[in-house]
1. Suppose we keep only residues that are outside any loop (DSSP other than H, G, I, E, B) and in contact with an Asp or Glu (Cβ under 7 Å, 6 or more places away or on another chain) within region 196-228. Which one would you say is surrounded by the fewest Cβ atoms within 10 Å (Cβ to Cβ)?
2. Working only within region 336-367, note down all residues that are of a type in the set (A, V, I, L, M) and under 20 Å from residue 92 (Cα atoms).
3. Considering region 174-208 alone, what residues qualify as being over 25 Å from residue 105 (Cβ atoms) and in contact (Cβ under 8 Å) with a residue 12 or more places away in the chain?
4. Taking residue 98 as the residue in question, decide whether it is without any contact (Cβ under 8 Å) to a residue 40 or more places away in the chain, more than 14 Å from residue 255 (Cβ to Cβ), aliphatic (A, V, I, L, M) and crowded, with 18+ Cβ neighbours inside 10 Å.
5. Closer than 27 Å to residue 193 by Cβ, assigned to a strand (DSSP E or B) and hydroxyl-bearing (Ser, Thr, Tyr) - does that describe any residue in region 130-138?
6. Hey, can you tell me all the residues within region 260-282 that are outside any helix (DSSP H, G or I) and buried (at least 21 other Cβ atoms within 10 Å of the Cβ)?
7. Out of everything in region 267-290 that is polar (S, T, N, Q) and more than 19 Å from the chain's Cα centre (by Cα), what residue ends up being farthest from residue 169 (Cα to Cα)?
8. For region 287-313, which residues satisfy the criterion of being under 20 Å from residue 227 (Cβ atoms) and loosely packed, with under 13 Cβ neighbours inside 10 Å?
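Since every read-out is calculated from the coordinates, none of them should be taken as a lab result. It should be emphasised that the depicted structure is a prediction, and the values quoted were computed from it without experimental measurement. Neighbour counts run over all protein chains shown; Cβ positions are idealised from the backbone, glycine included.
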Amino acid sequence: MSEEATIHRNVPKPMGPPPIRPVGPPAYDRLQEAMAFLHLYDAETKRVPRGRLHDVSRSIRDTGTYEATIDELTMAGKMAWRNATRCNGRRIWRGLVVNDYRHLTTAREVFDACVDHIRRATNGGKLLPMLSVFPAKRDGEPGIRIWNQQLIRFAGYPQADGSVIGDPGNVELTRQAMKLGWEAKRGSFDTLPIIIQMPNQAPEFFDIPEDAVLRVPIIHPEYDWWAELGLEWHGLPAVSDMALDGGGLTYTAAPFSGWYMDNEIGSRNFADTDRYHMLPKIAERLGLSTRQDRTLWKDRVLLEINRAVNFSFRQARVTLVDHHTVSAQFMRFVDQEEKLGRVPRAEWSWIVPPMSGAACPVYHREFANDDVRPNFYYQPTPWPTDEDDD
């Protein structure tokens with residue numbers, strides 16, 4: 001992403017794989033980054049203790065780094081969420097729960113903390129926005145990596161005919177898990193293990209207890225046959241492969257979670273051709289012809305899928321927000337930021353829902369999309385690639 005501010009007008013960008021941003025500032029910028037963060041933190045909260053800037057500055061000059069206090073870590077996490085330009089659920093950024101796991105030293109401890117995150121954030125279906133932070137990356141060493149894109153992911157098994165049982169989006173992660181010794185079940189919604197790699201160590205995998213994963217069967221408010229499709233989804237979205245960068249410190253393992261917008265499941269996970277690709281199957285059950293796109297059969301099926309997702313989560317009493325409501329909430333976030341004199345930043349193509357975009361207020365706005373810290377950053381793929389093997 002460009003360091004300069006970019007204005008996104010009403011032209012959507014491709015929805016392909018997100019770009020990899022640089023992970024954290026180089027060591028010689030740490031003092032500058034730390035001072036900028038502490039000044040901003042104090043300006044917003046008046047909570048930076050007297051002498052803290054001097055202590056941090058001296059620590060960086062003497063040792064090359066410093067340790068953030070729990071209050072600083074919490075604020076860095078909240079600011080990172082506030083600055084995350086691809087998230088439309090930032091209105092309640094102040095309510096983020098931050099777990100401090102910086103004292104953990106083994107893969108098993110990190111895994112146990114991830115399971116604790118899943119259980120606590122799921123909260124019986126009344127989801128809580130949560131961030132768990134593990135030890136910061138040390139200079140000259142790789143940081144802790146969680147290989148999963150999200151803590152909860154469904155496996156994908158490629159077949160000889162080119163089809164995939166399960167989630168095609170996780171075929172490579174599934175292959176990596178099997179290489180490590182994970183035993184595949186070959187189902188459509190098998191929970192993958194969490195793969196954790198500590199610095200300079202081999203990766204390890206751990207199975208998530210099934211009772212920790214809240215699953216929502218997808219049914220429809222009108223069509224009884226919908227249950228025969230066998231669709232389900234996990235209630236908690238917990239992104240786990242991004243780095244938290246704040247105050248000159250980089251936390252390469254910092255899973256965070258909120259709750260789903262309906263389109264994320266209905267219009268993307270179930271509908272994308274490189275994911276579960278359910279549109280043609282459901283169109284057939286609805287008696288719709290798929291020969292010509294101009295009949296808008298895809299639109300009709302998308303509507304029914306999203307109706308089913310909303311209905312199912314409501315029946316299961318699991319937090320989920322529809323795309324119209326979250327768009328209105330995001331505009332309230334924009335208003336709040338502007339009243340406080342801050343620039344509300346957003347990446348237009350991610351803030352506008354993939355369904356009924358023009359019917360949502362965010363479609364008709366322009367947003368600055370510059371990169372400011374604290375923030376969450378994409379990281380390189382943690383497992384060896386074909387080029388690495390050559």
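1. Initially, region 196-228 is screened for residues outside any loop (DSSP other than H, G, I, E, B), giving 196-197, 204-206, 210-212, 215-217, 224-228.
Next cut, in contact with an Asp or Glu (Cβ under 7 Å, 6 or more places away or on another chain) only: 196, 215-217.
Working: 196: 26, 215: 15, 216: 22, 217: 13.
The qualifying residue surrounded by the fewest Cβ atoms within 10 Å (Cβ to Cβ) is 217.
2. At the first step, the residues of region 336-367 found to be of a type in the set (A, V, I, L, M) are 340, 343, 346, 351-352, 355, 358-359, 362.
Across region 336-367, the qualifying residues are 340, 343, 346, 351, 352, 362.
3. Narrowing region 174-208 to residues over 25 Å from residue 105 (Cβ atoms): 174-175, 178-179, 183-191.
Listed by number, the residues that qualify are 174, 184, 185, 186, 187, 188, 189, 190, 191.
4. Numbers: without any contact (Cβ under 8 Å) to a residue 40 or more places away in the chain: yes; more than 14 Å from residue 255 (Cβ to Cβ): no; aliphatic (A, V, I, L, M): yes; crowded, with 18+ Cβ neighbours inside 10 Å: yes.
When the stated conditions are applied, residue 98 does not pass them.
5. We begin by selecting, within region 130-138, every residue closer than 27 Å to residue 193 by Cβ; these are 130-138.
Right, trim to assigned to a strand (DSSP E or B) and you get 130-133.
With the extra rule that they be hydroxyl-bearing (Ser, Thr, Tyr), the set shrinks to 132.
Yes, the conditions are met somewhere in region 130-138.
6. Filtering region 260-282 for residues outside any helix (DSSP H, G or I) gives 260-261, 270-278.
Answer for region 260-282, where residues must be outside any helix (DSSP H, G or I) and buried (at least 21 other Cβ atoms within 10 Å of the Cβ): 260, 261, 270, 271, 276.
7. Among them, the one singled out is 289.
8. Within region 287-313, just 287 meets the criteria.
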